[in-house]
Structures are given as C-alpha cells and as structure tokens.
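Each remark here refers to the structure printed beneath this line.
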Amino acid sequence: MGDILAGFKRVNLCHQPTALEEMPRLTKALKGPRLWIKRDDCTGLATGGNKTRKLEFLMADALEIGADIVVTQGAVQSNHVRQTAAAACKLGIDCYALLERRVPKKSAEYEQTGNVLFDRMFNTKIEFRPAGLDMNAEAKAVTERLKSEGRNAYFIPGGGSNEIGALGYVSTAQELLEQCKAMQIHPKLVVLSTGSAGTHAGMIAGFHALKCDIPILGISVRQPEQVQIENVYNLAVKTAAQLTDKPLPREKVIVDDGYVGEGYGIPTQTMVEATNMLARNEGILLDPVYSGKGMAGLIGQIQSGQISEDGDVIFLHTGGAVSLFAYEDQFSS
Ligand SMILES: *Cc1c(COP(=O)(O)O)cnc(C)c1O
C-alpha cells in the first residue's frame with residue numbers, strides 16, 4: 001500500500017505508529033467481542049492525544065506562510081489547546097488561546113489544573129470567554145487584530161478540525177489498516193468519540209480513499225445525532241476530495257448520541273463506570289470529556305446487543321487523561 005499522504009506538507013510531531021493492543025481482560029469482562037485499542041493517547045507530545053496528528057499538517061501550513069504565532073480556541077480543559085501550545089514551543093513560535101467557559105458549575109481548580117496548568121507552562125497567551133459565543137469567530141478576530149499589529153498570525157479552528165487537520169486522521173486510518181494486515185486482524189467495527197468532527201471525518205475519508213469498508217461508529221460528546229452526522233459528513237467530503245474523486249456516501253457516517261448526558265464536559269454515570277472499568281481491567285486511563293464517554297458507548301452497545309459478541313472491534317483512544325485532575329471529585333471516592 002503506497003502512502004496516500006506522500007504529497008502533503010507535514011511536520012513531524014508524533015510518535016508513530018502508535019500501538020494497536022489487545023484488551024483481553026476487558027473482552028472477558030464484557031463476554032466479547034474481541035476488543036483492541038489503538039493508542040493515539042500515546043502520540044508523545046506533552047502527554048499526547050489526537051490533536052497532535054492534526055497539528056502535523058496544520059503546523060506545516062502555518063510554517064509555510066511564515067507564521068510567528070498561532071491562534072486557536074477550545075473549552076477551558078481543551079486538550080487541543082494544550083497540544084497546540086506544545087507544538088508551537090517545539091517549533092519556536094507563539095500560541096494565543098481563547099478558552100470558553102463552556103462547562104457550567106466548575107470549581108476554581110478546574111481553571112488552574114490539568115490542561116490549563118500545561119498551557120501556562122508552554123507560555124500560552126490565554127484569554128477566557130463566556131459560554132455560547134461563536135468561538136471560531138472570536139479566534140479569527142484575534143488573528144486579524146494580531147495581523148494589524150504586525151504579527152504573522154495563523155488561525156487554527158477549534159479541535160484543529162478543518163480539511164487540513166483531518167488529514168492527521170487519514171494518517172491514523174492508513175496506519176491502522178497496515179497494522180491490521182500485519183497482525184491478521186479483520187475488525188468488524190472501529191469506535192471513537194466525536195466532538196469537533198475532525199477525527200471521525202479523517203478516519204472515514206482515509207478508509208474511503210483506501211477502499212476499506214469497515215464501519216466507524218462515532219460516540220457523540222456534544223451534539224445531537226443529526227447535527228453531528230452533518231458536521232462529520234461535510235468535513236469528510238472536503239477531506240476525501242483531496243485524496244480521491246470517488247463520491248463519499250452519507251451512510252458512512254454513523255453516530256450514537258446516547259452517551260452525551262446533560263452536555264459537553266458534564267460527567268455521566270456511564271462515563272465514570274467505563275473509565276474505572278478500563279483503568280481496573282487494563283491499566284489504561286481515559287478522560288472524562290471524550291474517551292470516557294466513547295468507551296461508555298462501546299460498553300453500552302455491547303451490553304445492549306447492538307454490537308454482537310463475535311469478531312474484533314477496535315476502540316480508538318484519543319487521549320485526554322490530563323483533564324482527570326480537573327474532575328478529581330468524580331473519581332476520588
Ligand atoms: C478533541 C478530542 C476528541 C474529539 O476529536 P474531534 O476531532 O474533536 O472530534 C476526542 N478525544 C479527546 C481526548 C480529544 O481531546
């Protein structure tokens with residue numbers, strides 16, 4: 001299989017390939033299917049995570065235009081902002097981040113610990129914003145202001161989710177298929193958590209371009225099913241168009257919104273149970289906002305029989321365990 005990303009600008013930020021590991025104790029506890037985990041929590045940059053994949057392409061674009069500062073946005077405990085800030089340090093440019101107070105009723109530590117602590121260590125210029133603004137518009141306005149002040153500022157959307165960033169998940173799609181081939185695994189399903197959509201869209205675009213029809217189930221962490229399907233589909237189409245002329249069928253986008261709970265970043269009982277279950281069976285840390293809800297979705301669909309006991313299923317671990325410190329109250333009892 002040739003490298004479908006050979007023609008794209010890219011900087012090296014990731015430890016890759018990330019491991020594809022079996023989860024025998026979790027498989028046994030749930031009575032099948034055979035479960036695997038793709039360790040994109042271990043991409044290596046400042047505790048790792050999925051945004052590092054996207055930043056290989058986004059930062060290459062920023063450097064090409066000669067950027068001296070990147071501007072981005074996220075929720076207060078954004079893993080994306082932390083990884084962007086670390087990548088900027090590694091490349092010798094500055095990072096300016098807007099943090100939205102998106103999650104209601106949080107403690108004072110929530111704004112100090114976990115990802116925020118690391119953002120500060122990377123010398124990120126941080127500004128907080130109230131919930132509910134168009135955060136990409138806010139970050140674009142900051143980008144324009146910096147340009148008017150003479151900086152060469154580069155805007156990175158929330159989650160790094162545009163058709164450049166999503167190429168990072170085309171790289172994971174390609175890498176995963178190579179690993180499955182080498183290990184002689186024939187997965188019937190890939191499960192991941194889906195938020196700003198770039199991860200899900202990139203995986204779908206990658207599988208599509210590589211003519212692989214393994215379905216990819218996205219467990220939503222924020223939006224209702226129909227909204228998320230639309231967001232993922234639109235970005236997957238733009239991403240795939242860079243790789244193939246073949247039209248992407250809308251049915252490729254599968255989303256389950258049954259594990260969001262009350263909203264983005266608000267803990268659920270099933271998230272806490274899933275996170276503890278993975279910790280205690282496999283020694284792997286998930287996160288409360290994304291991968292914990294994603295794993296709750298995988299476990300829930302196995303327990304309800306929506307995913308049958310036969311075959312192999314791969315969970316894509318997208319990282320985020322740093323924010324566990326900001327949710328200490330949920331796990332310490
Ligand atoms: C951002 C993030 C996701 C979601 O990825 P999107 O590309 O935004 O859909 C999942 N898990 C973690 C840990 C994240 O930080």
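Of note:
- Residue in region 52-62 that is at negative phi, surrounded by fewer than 18 Cβ atoms within 10 Å (Cβ to Cβ) and at pLDDT 95 or above present: no
- D257 vs. criteria more than 16 Å from the chain's Cα centre (by Cα) and closer than 19 Å to A29 by Cα: no
- Count - residues of region 165-208 that are assigned to a loop (DSSP other than H, G, I, E, B) and within 13 Å of the ligand (Cβ to nearest atom): 5
- Within region 238-253, the presence of at least one residue that is under 22 Å from K9 (Cα atoms), within 14 Å of the ligand (Cβ to nearest atom) and open to solvent by less than 60 Å² (accessible area, probe 1.4 Å) is confirmed.
- Within region 209-227, being touching a helix residue (DSSP H, G or I) at 6+ places or on another chain (Cβ under 7 Å) and not in a loop (DSSP other than H, G, I, E, B) holds for A209, I216, G218, I219, S220.
- In region 312-329, the residue that is farthest from C14 (Cα to Cα) out of those that are open to solvent by 30 Å² or more (accessible area, probe 1.4 Å) and away from the ligand (no atom under 16 Å from the Cβ) is D329.
- All positions within region 46-55 that are more than 9 Å from the ligand (Cβ to nearest atom) and within 14 Å of the chain's Cα centre (by Cα): T47, G48, T52, R53, L55
- Residue satisfying condition, being in a helix (DSSP H, G or I) and assigned by TED's automatic domain parsing to the domain that holds T199, within set K38, K28: K28
- Count - residues of region 84-94 that are open to solvent by 10 Å² or more (accessible area, probe 1.4 Å) and not β-branched (V, I, T): 5
- Condition met for R101 (in contact with a Pro (Cβ under 7 Å, 6 or more places away or on another chain) and basic (K, R)): yes
The values are calculated or read from the model by the stated rules, or taken from the named source; none is laboratory data. Nothing here was measured: the structure is a model prediction, and the numbers come from that model. Note: ideal-geometry Cβ built from the backbone for every residue, glycine included; neighbour counts use all protein chains shown. Just the protein is used for accessible areas: all its heavy atoms, side chains included, with ligands, DNA and RNA removed. Shrake-Rupley method; radii C 1.70, N 1.55, O 1.52, S 1.80 Å.
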